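The values are calculated or read from the model by the stated rules, or taken from the named source; none is laboratory data. No experiment lies behind these values; they were computed from the predicted model shown. Virtual Cβ from ideal backbone geometry, glycine too; neighbours counted across all protein chains shown.
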């Protein structure tokens, strides 16, 4: 655990302020759920809660099945990182932090298909990988953005269409219902 040198006092209601620098670094925003743990040494540990992370095994199975069926790379994310990835490029995507541009696409709350030649083409992670097409579908749970289902294509001879968009939207809907 990294020491920050920042000390905060607990107020009379048991609240403590997490410093802005730490919230920015960990991408914690107002309203984000946090898990609270204690360890045997008496430390209190706060961890950003990811409902999609709870579905990690199931998300991995979905991603693998879709990748084999559609012949593309599939990622299932929460709002901060890739939770499950399958297909060509799995290792470069697994557990990577998402780009700020992708968070903006999630805010649109719709399924989008983009080609790398489009001005709106979005890098999924901070490390920009070379893909020719992408489909991004937002996972919603009780009206809140929980993450996304993303299909990526490297093969410039293959193209996504309406069927793949429907697969992505259906998978996002199914995962969203699992969280409710």
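Just checking, which of 119, 169 is without any contact (Cβ under 8 Å) to a residue 12 or more places away in the chain and either over 15 Å from residue 67 (Cβ atoms) or in a strand (DSSP E or B) (or both)?
Residue meeting the stated conditions: 119.
Report, ordered by the first and then the second residue, all pairs with beta carbons closer than 9 Å, sequence separation of six or more or different chains, a first member in the stretch 28-42 that is closer than 23 Å to residue 52 by Cα, and a second member that is surrounded by fewer than 10 Cβ atoms within 10 Å (Cβ to Cβ).
Pairs that qualify, where the first residue is closer than 23 Å to residue 52 by Cα and the partner is surrounded by fewer than 10 Cβ atoms within 10 Å (Cβ to Cβ), are 36/44; 37/43; 37/44; 38/44.
Return the total of residues in the stretch 10-54 being closer than 26 Å to residue 179 by Cβ and assigned to a helix (DSSP H, G or I).
Within the stretch 10-54, residues that are closer than 26 Å to residue 179 by Cβ and assigned to a helix (DSSP H, G or I) number 5.
Taking residue 150 as the residue in question, decide whether it is closer than 16 Å to residue 54 by Cα and touching a residue at least 12 places away in the same chain (Cβ under 8 Å).
Taking the combined requirement at face value, the residue does not satisfy it.
Report yes if some residue within the stretch 77-92 is assigned to a helix (DSSP H, G or I), over 22 Å from residue 170 (Cα atoms) and either assigned by TED's automatic domain parsing to the domain that holds residue 25 or touching a residue at least 24 places away in the same chain (Cβ under 8 Å) (or both); otherwise report no.
Scanning the stretch 77-92, I find at least one residue that is assigned to a helix (DSSP H, G or I), over 22 Å from residue 170 (Cα atoms) and either assigned by TED's automatic domain parsing to the domain that holds residue 25 or touching a residue at least 24 places away in the same chain (Cβ under 8 Å) (or both), so the answer is yes.
Of the residues 115, 126, which is in contact with a helix residue (DSSP H, G or I) (Cβ under 9 Å, 6 or more places away or on another chain) and in the same structural domain as residue 59 (by TED's automatic domain parsing)?
126
Looking for whichever is out of contact with any strand residue (DSSP E or B) (no Cβ under 9 Å at 6 or more places or on another chain) and over 22 Å from residue 144 (Cβ atoms) here; the options are 69, 73, 38. Which one fits?
It is 69.
Which condition number in (1) outside any strand (DSSP E or B); (2) closer than 26 Å to residue 157 by Cα; (3) within 10 Å of the chain's Cα centre (by Cα) is the one that residue 95 fails?
Of everything listed in (1) outside any strand (DSSP E or B); (2) closer than 26 Å to residue 157 by Cα; (3) within 10 Å of the chain's Cα centre (by Cα), residue 95 misses just condition (2).
Would you point out the residue of the stretch 170-180, among those that are in contact with a strand residue (DSSP E or B) (Cβ under 7 Å, 6 or more places away or on another chain) and surrounded by fewer than 17 Cβ atoms within 10 Å (Cβ to Cβ), that is modelled with the lowest pLDDT?
Among those that are in contact with a strand residue (DSSP E or B) (Cβ under 7 Å, 6 or more places away or on another chain) and surrounded by fewer than 17 Cβ atoms within 10 Å (Cβ to Cβ), it is 180.
Any chance you could count how many residues in the stretch 130-157 are part of a loop (DSSP other than H, G, I, E, B) and out of contact with any strand residue (DSSP E or B) (no Cβ under 8 Å at 6 or more places or on another chain)?
Residues in the stretch 130-157 being part of a loop (DSSP other than H, G, I, E, B) and out of contact with any strand residue (DSSP E or B) (no Cβ under 8 Å at 6 or more places or on another chain): 6 in total.
Is it fair to say residue 26 is modelled with pLDDT under 90, touching a helix residue (DSSP H, G or I) at 6+ places or on another chain (Cβ under 7 Å) and either surrounded by 14 or more Cβ atoms within 10 Å (Cβ to Cβ) or assigned by TED's automatic domain parsing to the domain that holds residue 159 (or both)?
no
Given (1) in a strand (DSSP E or B); (2) free of Cβ contacts under 8 Å to residues at least 60 places away in the same chain; (3) under 10 Å from the mean Cα position of the chain (by Cα), identify the lone condition not met by residue 106.
The single condition residue 106 does not satisfy is (1).
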